[in-house]
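Notes follow the structure.
No value in this document is a laboratory result; all are computed from the given coordinates. Computed from a predicted structure; not experimentally measured.
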């Protein structure tokens, strides 16, 4: 990934974290690396732990959504499980996977419960 793309991605993640804080989420971790991949944001929404995937595309949030391939979905679910173990989140705590879509031309779009280990792709 070129430096400009990396910077746009970082800015999108900053924007997503700020947006989630405004909604009352507590940010627990950012850019958490696991064997299966990186989790962009781990947050708490009330009593629920939320794994957040941030997707950015220049043109439109629809392009950002389409960039979430079946393989990326599966890798994200594996990474989420590893992240929960790494953060020592008890199995009894409810967990949700959200997606935040961002683009240069659209406001942030937050999809709660967008992905699930039991739900086929796309949600």
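Structure above, values below:
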| item | result |
| --- | --- |
| Prolate/oblate/rounded label for the stretch 3-115 (Cα gyration tensor, a/c 1.5) | prolate |
| DSSP-defined beta bridges in the stretch 3-115 - what % are antiparallel, rounded to 5 | 65 |
